[in-house]
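As structure tokens, the structure follows; a few thoughts come after it.
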Amino acid sequence: MSLFKKSVAFIVLLLILDQALKIWIKTNMMLGESYHIFGDWFQIYFIENNGMAFGMELEGEWGKMLLSLFRIIAVCGIGWYLLDICKKKAPMGLIIAISLIFAGAMGNIIDSAFYGLIFNDSYYQVAQFLPEGGGYSSFLHGKVVDMLYFPLVEGNFPDWFPIWKGEHFVFFRPVFNIADSYITIGVAFILLFQRNYFVKEENN
């Protein structure tokens, strides 16, 4: 099996894991519902967002559309680059990292593109798959399902602390999904272990 076929098989496996968890969350939980897995510091906490990784987003319908189109263009570019480095027989670590980034971006695109069409909303109810009245939104306007929440430390800033004195804080506050994790791990792996590959490419 070629390197590219192996990377495609790896990506498909990653996408199955990502989508299986998201679909289970969507069809078994209401928005805002949570399960405590390990005490208070690891929870499955169901939220949805309109935008980028870790709950960040662009406001409005146009913002959502632009973000979805940007994701599609980015995934096409990443896919082309993955094919190129496979042909060049790049280090396996780099191929795995790019595959992780591709799978993460693709996983969130699937939510944005199709979840609004195939699910109804999750407000005060558990969503249905292919509901009779149709989905909650149109193509490319679906929301991304997030569920991994790690509030490791919670408390209040001391009164002497600048700007946020006395305010409540939670670390780590963002709620994210498996696809976000793929992207983060892939980028971190490149920065830590694969920088020499790009230096060699520039020198060639």
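The values are calculated or read from the model by the stated rules, or taken from the named source; none is laboratory data. Keep in mind it's a predicted model, so treat the numbers as computed, not measured. Cβ atoms come from the backbone with ideal geometry, glycine included; neighbour counts cover every protein chain shown. The protein model used for the area step is the full one, side chains on, heavy atoms only, and it has no ligands, DNA or RNA in it. Shrake-Rupley method; radii C 1.70, N 1.55, O 1.52, S 1.80 Å.
With each label modelled as a point 7 angstrom along the Cα→C-beta vector, the PHE161-ALA113 pair spans 4.2 nm.
The loop-placed GluC sites (Glu not before Pro) in the range 110-197, going by DSSP, that have at most 12 neighbouring Cβ atoms within 10 Å of their Cβ come out as GLU132, GLU167. Charge tally for ASN156 (other residues, Cβ to Cβ under 11 Å; Lys, Arg +1; Asp, Glu -1): -2. Evaluating 6.51 cos²θ - 1.76 cosθ + 1.60 at θ = phi - 60° for every residue in the range 152-161, the Karplus couplings come out as 5, 9, 9, x, 10, 5, x, 5, 7, 6 Hz, glycine and proline recorded as x. The Stokes-Einstein estimate for the range 135-204, based on a Kirkwood radius over Cα pairs and taken at 4 °C with 1.567 mPa s viscosity, is a diffusion coefficient of 79 µm²/s.
Which percent of the accessible heavy-atom area of the range 152-197 goes to carbon and sulfur, probe 1.4 angstrom? The value for the range 152-197 is 69 percent carbon and sulfur by accessible area. Charged neighbours of CYS86, selected by a Cβ distance under 10 Å, balance to +4 (K, R count +1; D, E count -1).
Here the simple spin-label model places points 7 Å from the Cα toward Cβ, and for PHE172 and LEU83 these points are separated by 3.4 nm.
Neighbours of GLN43, meaning other residues whose beta-carbon lies under 14 angstrom from its beta-carbon, give a summed charge of -3 when Lys and Arg score +1 and Asp and Glu score -1. Per residue, the convex hull spanned by the Cα atoms of the range 90-161 measures out at 204 cubic angstrom.
Panel note: the C-alpha atoms of the range 69-194, placed on their principal axes, show extents of 58, 49, 21 Å (largest first).
Under the simplified labelling scheme, the PHE193-GLN125 pair shows an inter-label distance of 4.7 nm, with each label point 7 Å from Cα along Cα→Cβ. Longest stretch of the chain clear of exposed loop sites (trypsin sites (Lys or Arg not before Pro), DSSP loop, at most 13 other Cβ atoms within 10 Å, sites excluded): 1-87.
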